[in-house]
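For reference, the structure discussed in these notes is given below.
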Amino acid sequence: MIKKLIALLALLGVFAPASFSEYGDVVMDRYADTMAEVGLAPVVFPHWTHRIQFKCKACHESIFPMQKGASDITMSAIIDGQYCGQCHNGKIAWDPLYCDRCHSLPQSGAGH
Amino acid sequence: MNHRKNYRGVSTWARHCAAAVLLAAIVWTLSPPISAQESADATPSQETASDSVANPQNATEFVGEMYQIGLGWHPTALEGLPTDKFGLVDWVAALEQGLIEPRGSVQPNVPEGMPFDMNILMPSKTGMIAGAYFPHKTHTTWMSCDSCHIKIFMPRAGSNDLTMSTIVKGQACGVCHGKVAFPLNDCTRCHISQSDADRGDEAEQ
């Protein structure tokens, strides 16, 4: 019954557009409430697109401990050169100016 | 045929057809399962099985979660990289084939230490499956020692009580495998026989 209901909703396009996620993606939504207030989606970190150019040890453990919730990542820390900002500073990788590249978790029902 | 059109220019016949399809879909949704057997089969497979019924001749029929992820969407940047049986990127193969050149440091041109080369064969506890083979080299090519030691594994033989039942719960190997490293249902990438492990060691030398 529930499966059928989901299938019907999918048939009617309720779940469109489809969400895009890759194996290994990490969703960062610690500040989801305050981000939503300013119209920002939670962050999706794509592990695998980073893995093309960097080994795990480039970031783990020196920049990011491999523990859920261990890193308090904020934009002020990033523009201060910490966390993502160690690369995303306009020198190694692109600057943290393209909000929707990271704040990209598909919002159900919302028009982000 | 000359159908009557309403003010939007849509024929009444087309509107009736659409309404009939919608009604049929709603009736189908609300209808009870065909048999009790069907619902009994469906409930556990939805919650527990990651690979229930699959036809190995046709990958599109695979129902396991990892196969579904493999068949799903992937970033354009990952196109052309070798894949495992799930259709997920085989990063070890990609590195061995020289298709990618990931660096070990955020900063460019930082010299990288040699990977630690020591293979560990953990004997099977049950005998119903081959022992598990752990190649340090493959792991330390990508990772630093402190990613695993000592917070996940004590670096001492016999001091880590590894079981699949804890690994599938996300402990030990399951901290990475099943989340970002290759999936846990790729059994024979770890569970290989002693003779296969010996052959692998000889091939390396």
If you rank A:Phe20, B:Phe116, A:Phe64 by fewest surrounding Cβ atoms within 10 Å, what's the result?
B:Phe116, A:Phe20, A:Phe64
Relative packing of peptides B:102-111, B:152-161 - highest average C-beta neighbours within 10 Å first:
B:102-111, B:152-161
Stokes-Einstein D for segment B:119-204, Kirkwood Rh over Cα pairs, 20 °C, 1.002 mPa s (µm²/s):
156 µm²/s
Can you tell me how segment B:99-164 classifies by the Cα gyration tensor, rounded, prolate or oblate, using a/c under 1.5 as the rounded cut?
prolate
Is segment A:21-102 rounded, prolate or oblate when judged by the Cα gyration tensor, a ≥ b ≥ c being the square roots of its eigenvalues, rounded requiring a/c under 1.5 and prolate requiring a/b larger than b/c?
rounded
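Quick note: the coordinates plus some simple rules give every number you see, no bench work behind them. Please read all numbers here as calculations on a predicted model, not as lab measurements. Cβ coordinates were reconstructed from backbone atoms using ideal geometry, including for glycine residues, and neighbour counts include every protein chain displayed.
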